[in-house]
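Everything below concerns the one structure shown next.
Read-outs: derived from the displayed coordinates by stated rules, not from any lab. In this text, all values refer to a predicted model and were calculated from it rather than measured experimentally. Cβ atoms come from the backbone with ideal geometry, glycine included; neighbour counts cover every protein chain shown.
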Amino acid sequence: MGALIRPPAFALAAVLTVLLSACGDSEESYGTVLATSGPGNGSAPRGDGWIEGLYQPSGHYTALCQNPRYGRDPVTGVAYPDRLGTALDENNWVRSWTNELYLWYSEVPDLDPGAYASTATYFSLLKTPALTSTGNPKDRFHFTYPTTQWESMSLGGVDIGYGVTWDIAVAAPPRQLYVAFVWPGNFAAANAGLARGLEITQIDGVDAIHASDQVSVDTLNQGLSPTSAGETHTFTLHDPVAGTDHAVTLEAAAVTETPVPIVTTLQTDAGPVGYILFNDHIATSERELIDGISSLKAADVTDLILDIRYNGGGLLDIASELAYMIAGPGPTAGEAFDRIAFNARYPSTDPVTGQPLTPTPFHTVSQGFSATPAAGTTLPYLGLTRVFVLTGPGTCSASEAIMNGLNGVDVQVIQIGSTTCGKPYGFYPQDNCGTTYFSIEFQSDNATGFGNYPDGFSPANSTMPTSAVLPGCSVADDFTHPLGDAAEGRLAAALGYRASGRCTVPATGLASPAIDAQPQMSVHRAPWRENSILRTR
């Protein structure tokens, strides 16, 4: 949940969603010159100067670019530092940078940087090959993205797409792909009449349910996640209620999400219950969350149902703000919302900022991400001792941090839904030569020191519980009702649990063991929407 996020100072912790096929700073930034040696046998140099196990500081290669940028960054206004270099310089930079900051640096194979013409290919190999106890890759969250596109999304919420959130309920054939949520606004999905619950059966003529070859899977992924405005893709959609099929052609465009599209109050015999649909921890969500909590406070709600089933993460400070606005000052005063730990070389210092490691507190005032309110404005709060959280496999990163942070100060978190994605790790995204690199650098823990949920949080009655179990009920996503409808499966289960203290529907009746067993099968989202972003000072 990178040093180049939002000038003057944002940084990121993130992890990448698995696609259908599998479901520089300069050296001065580190405060001191880092060790120039690491694991390896110290073999003789090759023709490109590589000696296995020996590393120059990454600052020696920073901004030496095969294709340097000139002028100023259009988003930040900062002059590019790039100088003319070579692909080997870029490879050397990413090799040294990985050795300095990667959480599991001692497990990374030291590969000859001169043997790879593509830095992207080389970087993809610079991670631990180890597996977890469940057989999943230890590092599932290693990727790059063009810096300009990363900045555009992380600062303003701008993405390339159709204005729709997809749900990949089952990633392997026979797949189940659904329209999960259509964004409000004048976007392609809304204009084409897409609605929650429609099932995707074909994309650009490819069988979305049964296709298994790589070319077909690439076509499916490209249709779900277009990379440039103006792209068009044709979807065949099945309406399970009407039993009909129809085709629509969607044109991708720059889209800006409304991160908090639904805030409402549900009237019950036991008092009013607040409901918030929260889809992204982007900067603009700060204002919307403050307004939402204020309206629920005015309604005197006695409980809150926080729907983050499709929320992949974002700004960790916003997660902290929301956690405080739920709990209030009683349990959070003087407590840590989130603590981070880097690799063994940095037991007490953040190696990127050079500052002592300090926890993210529960913020009691706004941090100034939105135009209003001004930074430092006192936040409203509900003062609740518990919260009902609606989750899915797309609940990741900063969203999981809300759950973990509140649980760490004894605010009861009742989980309704399926197992979350499991992203207790994070990193600073780092720009070099126009590419932003994301490589795991730290683990996040709550006030009690707990952060061991690499397989996600699971409700107590899950058919395949993880090591991080919360009270609540395993309930499959219900595509037959709109989000926010009291009859929608997960929301209804939360209201039922609130009334009776038990699960009203057995897990075997609604929950999918496949989802619980494979939390990595998350909603397909752009990489920058699967993050936990930290503020640097």
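Just want the answer: with Cβ charges of +1 for Lys and Arg and -1 for Asp and Glu, which residue in 135, 189, 150 is farthest toward the dipole's positive end in the stretch 129-271?
Checked the options; the winner is 135.
Apply the a/c threshold of 1.5 to the C-alpha gyration tensor of the stretch 237-280 and tell me whether it is rounded, prolate or oblate. Kindly include the intermediate steps, with their values, before the conclusion.
Numbers: a/c = 6.23, a/b = 1.55, b/c = 4.01.
Oblate shape, in that a/c is at least 1.5 and b/c is the bigger or equal ratio.
Show which aspartates and glutamates lie in cross-link reach of residue 138 when reach means a straight Cα distance below 14 angstrom and same-chain residues fewer than eight apart are skipped.
The qualifying aspartates and glutamates are 107, 441, 455.
In a shell of Cβ-Cβ distance under 12 Å around residue 147, excluding residue 147 itself, what net charge do Lys and Arg (+1) and Asp and Glu (-1) give? Before the final figure, lay out each step's value.
Working: positive: 69; negative: 73, 82, 151, 431.
The answer is -3.
Based only on Cα atoms, what mean projected area does the convex hull of the stretch 258-322 have, in nm²? Kindly include the intermediate steps, with their values, before the conclusion.
Details: hull surface 16.5 nm².
Over every viewing direction, the Cα hull of the stretch 258-322 projects on average to 4.1 nm².
When you take every Cα atom in the stretch 398-495, what is the radius of gyration, and what is Dmax, the widest Cα pair distance, in Å?
16.3, 51
List the aspartates and glutamates whose Cα lies under 17 Å from the Cα of residue 297, skipping any in the same chain that are fewer than 8 positions away.
Answer for residue 297, where 17 Å is the Cα cut-off: 286, 288, 321, listed by chain and number.
Just to confirm a number: summing +1 for Lys and Arg and -1 for Asp and Glu over residues other than residue 234 whose beta-carbon lies under 13 angstrom from that of residue 234, what do you get?
On the way: positive: none; negative: 204, 231, 245, 251.
Spelling it out: positives minus negatives among the neighbours equals -4.
Determine the sum of side-chain charges near residue 327: Lys and Arg each +1, Asp and Glu each -1, restricted to other residues whose C-beta is under 12 angstrom from that of residue 327. Display every interim value, and only then the final one.
On the way: positive: 386; negative: 321, 335, 410.
Surrounding charge for residue 327 is -2.
Evaluate 2.2 N^0.38 Å with N set to the residue count of the stretch 70-172, then give the Cα radius of gyration divided by it. Provide the component values of the computation, followed by the final result.
Details: Rg = 17.5 Å, N = 103, 2.2 N^0.38 = 12.8 Å.
Output field value: 1.37.
Hey, got the dipole for the stretch 112-221? About the Cα centre, +1 on K and R Cβ, -1 on D and E Cβ, debye to the nearest 20?
Details: 5 positive and 10 negative charges, 62 e Å.
So the magnitude is around 300 debye.
Would you mind checking the radius of gyration and Dmax of the stretch 114-238 based on alpha-carbon positions, in Å?
Just the Cα atoms of the stretch 114-238 yield Rg and Dmax of 17.2, 52 Å.
Along the charge dipole of the stretch 271-403, Cβ charges K/R +1 and D/E -1, which of 384, 314, 343 sits furthest on the positive end?
343
Using a/c under 1.5 as the rounded threshold, could you call the stretch 166-316 rounded, prolate or oblate? The axes a ≥ b ≥ c are square roots of the C-alpha gyration tensor eigenvalues, and prolate needs a/b larger than b/c, oblate otherwise. Display every interim value, and only then the final one.
Details: a/c = 2.37, a/b = 1.89, b/c = 1.26.
Prolate.
What is the ratio of the Cα radius of gyration of the stretch 429-476 to 2.2 N^0.38 Å, with N the residue count, to two decimals?
Numbers: Rg = 16.4 Å, N = 48, 2.2 N^0.38 = 9.6 Å.
Rounded to two decimals, the normalised Rg is 1.71.
Just the Cα atoms of the stretch 238-377: what Rg and Dmax do they give in Å?
Calculated on Cα positions, Rg and Dmax stand at 19.5, 60 Å.
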